[in-house]
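The values are calculated or read from the model by the stated rules, or taken from the named source; none is laboratory data. Model, not experiment: these values are computed from the prediction. Ideal geometry is used to build each Cβ from the backbone, glycine not excepted, and the neighbour counts take in all protein chains shown.
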Amino acid sequence: MPPHQSGFEPSDNAVRNNQVSADALHRWAERSAREFTDRLAVADAGQSITAWTDQLRRARTAAEFQAVAEAVVGDGRSGLGALHQFLETAAEWCGRHHEPGVADHYRVYARRLADLGEALTDLGEDHLLDAYRRAHRPPQPPRPAPVVAPSPPGTTAPRRPSR
């Protein structure tokens, strides 16, 4: 629905310059979609990530840390995986609604997110490896006391001159 058919009130600049501010566009979209969004039965999308962030703060070990991180950024059914699927679905929707340029952008960002996911998975594995090595480091043998060579027989150690 074009902005002028939805009760959208453009600013004078929008009329003069054929430009609408991002804030005005978001207000228009929010009003236009209100009936749809009022029927949504899902909570704020960020709430689940906030809950996982709280769990991360409670982690005491690298293993606990990684269990939480894997749920958020790991492969499969993680938060990052869900966001990737969201971007792919957005690209498909834009393609079906004759917006191929926007669809291409969503696909690019989905790919970047997948690359980020791979990098974060590698980081998590490195983190676990470091923690494992620290926990399984062989004990260091005690250092021997320094050996002082004895003076040859019949000699005395050099003395410092007295002042």
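Couple of notes before you dig in:
- Screening A63 with (1) over 19 Å from the mean Cα position of the chain (by Cα); (2) under 15 Å from E125 (Cβ atoms); (3) among the hydrophobic types (A, V, I, L, M, F, W, C) gives one miss only, at (1).
- Verdict on D54 being in the same structural domain as L123 (by TED's automatic domain parsing), of a type in the set (D, E) and modelled with pLDDT under 90: no
- The single condition among (1) touching a Leu at 6+ places or on another chain (Cβ under 7 Å); (2) touching a residue at least 60 places away in the same chain (Cβ under 8 Å) that T61 does not meet is (1).
- Filtering the range 33-55 to residues that are hydrophobic (A, V, I, L, M, F, W, C) and within 13 Å of the chain's Cα centre (by Cα) leaves I49, W52.
- Checked against (1) within 26 Å of L128 (Cα to Cα); (2) surrounded by 12 or more Cβ atoms within 10 Å (Cβ to Cβ); (3) not acidic (D, E), Y109 passes all but condition (1).
- Subset of the range 1-24 that is at pLDDT 80 or above and not in a loop (DSSP other than H, G, I, E, B) - its residue that is farthest from the chain's Cα centre (by Cα): A24
- Condition check for R137: basic (K, R), farther than 25 Å from A51 by Cβ and at pLDDT below 95: yes
- The condition (being among the charged types (D, E, K, R), within 22 Å of G117 (Cβ to Cβ) and either at pLDDT below 95 or touching a Phe, Trp or Tyr at 6+ places or on another chain (Cβ under 6 Å) (or both)) is satisfied by just one residue among R77, R27: R77.
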